[in-house]
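The values are calculated or read from the model by the stated rules, or taken from the named source; none is laboratory data. Fair warning: this is a prediction, and the values are worked out from it, not measured in the lab. As a convention, Cβ positions derive from the backbone with ideal geometry for all residues, glycine included, and neighbour counts pool all protein chains shown.
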Amino acid sequence: MRNLFAFIAGGLFGTGLFISGMTDTTKVQGWLDVFGAWDPTLAFVMGGAMIPMVIAWLITRRRTASLVGTPFPPKPSTKIDSKLIVGSLMFGMGWGLAGLCPGPSIAALSYGGTGLYIFVAAMLTGMAVTPILRARLDRAVPAE
């Protein structure tokens, strides 16, 4: 049952990304081009995503587990540290250069070209290498 809900949620998410144009790299880069040909439509997509998320947060505040029985993860840390800053910078640079982030890149795989496949390969490589590098850095540099 859990996998069925995950499949449905993933399908809805991918469909929403496609319909909203977020799988189109030029639309995303247009959002980031505030001093050029700025395209504000991504703001509406983000706003539309925040509304159901706020509702979900309000509902989960009174629950300890999801509808399929899985416990909710602990609340994330609000600490702003070097790992968060570096990760945010890397994510932002990749988003600005490629016009894609992980969700839309996976949704666009069905029709993407060589550039998209290179981006996804680089993204997956980064996801695989990051825990290894992070463990090495944690050993070399004491926690803040």
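Would you confirm whether any residue within region 105-113 is under 18 Å from LEU12 (Cβ atoms), free of Cβ contacts under 8 Å to residues at least 24 places away in the same chain, among the hydrophobic types (A, V, I, L, M, F, W, C) and in contact with a helix residue (DSSP H, G or I) (Cβ under 9 Å, 6 or more places away or on another chain)?
Scanning region 105-113, I find at least one residue that is under 18 Å from LEU12 (Cβ atoms), free of Cβ contacts under 8 Å to residues at least 24 places away in the same chain, among the hydrophobic types (A, V, I, L, M, F, W, C) and in contact with a helix residue (DSSP H, G or I) (Cβ under 9 Å, 6 or more places away or on another chain), so the answer is yes.
Could you run through region 70-100 and say how many residues are assigned to a loop (DSSP other than H, G, I, E, B) and touching a residue at least 24 places away in the same chain (Cβ under 8 Å)?
The total comes to 4.
Give the number of residues within region 69-79 that are under 21 Å from ALA9 (Cα atoms) and touching a Leu at 6+ places or on another chain (Cβ under 9 Å).
Qualifying residue count, region 69-79: 0.
Taking the options GLY92, GLY36, name whichever one is under 27 Å from ILE118 (Cβ atoms) and under 15 Å from the mean Cα position of the chain (by Cα). Talk me through it step by step, then tell me what you get.
On the way: GLY36 fails: under 15 Å from the mean Cα position of the chain (by Cα).
GLY92 is the lone residue from the list that is under 27 Å from ILE118 (Cβ atoms) and under 15 Å from the mean Cα position of the chain (by Cα).
Taking region 50-68 as the region of interest, how many residues are touching a residue at least 24 places away in the same chain (Cβ under 8 Å) and either out of contact with any Lys or Arg (no Cβ under 7 Å at 6 or more places or on another chain) or of a type in the set (D, E, K, R) (or both)?
Here is the first cut: in region 50-68, the ones touching a residue at least 24 places away in the same chain (Cβ under 8 Å) are 67-68.
Narrowing the set further to residues that are either out of contact with any Lys or Arg (no Cβ under 7 Å at 6 or more places or on another chain) or of a type in the set (D, E, K, R) (or both) leaves 67.
The total comes to 1.
Which of (1) under 30 Å from THR114 (Cβ atoms); (2) in contact with a helix residue (DSSP H, G or I) (Cβ under 9 Å, 6 or more places away or on another chain); (3) in a helix (DSSP H, G or I) is the odd one out, the single condition ALA43 does not satisfy?
So ALA43 meets the others, but not (1).
VAL28 fails exactly one of the following numbered conditions: (1) under 30 Å from ASP138 (Cα atoms); (2) touching a residue at least 24 places away in the same chain (Cβ under 8 Å). What is the number of that condition?
Going through (1) under 30 Å from ASP138 (Cα atoms); (2) touching a residue at least 24 places away in the same chain (Cβ under 8 Å) one by one, VAL28 breaks only (1).
Check LEU137, LEU116, LEU89 and return the single one that is surrounded by 11 or more Cβ atoms within 10 Å (Cβ to Cβ), under 30 Å from VAL34 (Cα atoms) and among the aliphatic types (A, V, I, L, M). Break it down into steps so the answer makes sense when it comes.
Numbers: LEU137 fails: under 30 Å from VAL34 (Cα atoms); LEU89 fails: surrounded by 11 or more Cβ atoms within 10 Å (Cβ to Cβ).
It is LEU116.
With the structure loaded, tell me whether ALA121 is exposed (fewer than 12 other Cβ atoms within 10 Å of the Cβ) and either modelled with pLDDT of 80 or more or over 24 Å from TRP38 (Cα atoms) (or both) or whether it fails that test. If you could, list the steps in order and put the result at the bottom.
Numbers: exposed (fewer than 12 other Cβ atoms within 10 Å of the Cβ): yes; either modelled with pLDDT of 80 or more or over 24 Å from TRP38 (Cα atoms) (or both): yes.
Taking the combined requirement at face value, the residue satisfies it.
Please pick out the residue among VAL28, VAL45 that is of a type in the set (Val, Ile, Thr), surrounded by 11 or more Cβ atoms within 10 Å (Cβ to Cβ) and under 30 Å from ARG134 (Cα atoms).
Exactly one residue qualifies, and that residue is VAL28.
Hey, among the residues in region 55-84 that are more than 30 Å from ASP138 (Cα to Cα) and among the basic types (Lys, Arg), which one's surrounded by the most Cβ atoms within 10 Å (Cβ to Cβ)?
Taking region 55-84 and keeping what is more than 30 Å from ASP138 (Cα to Cα), we get 55-70.
Imposing the further condition that a residue be among the basic types (Lys, Arg) reduces the set to 61-63.
Working: ARG61: 8, ARG62: 6, ARG63: 10.
Going through the qualifying residues, I end up with ARG63.
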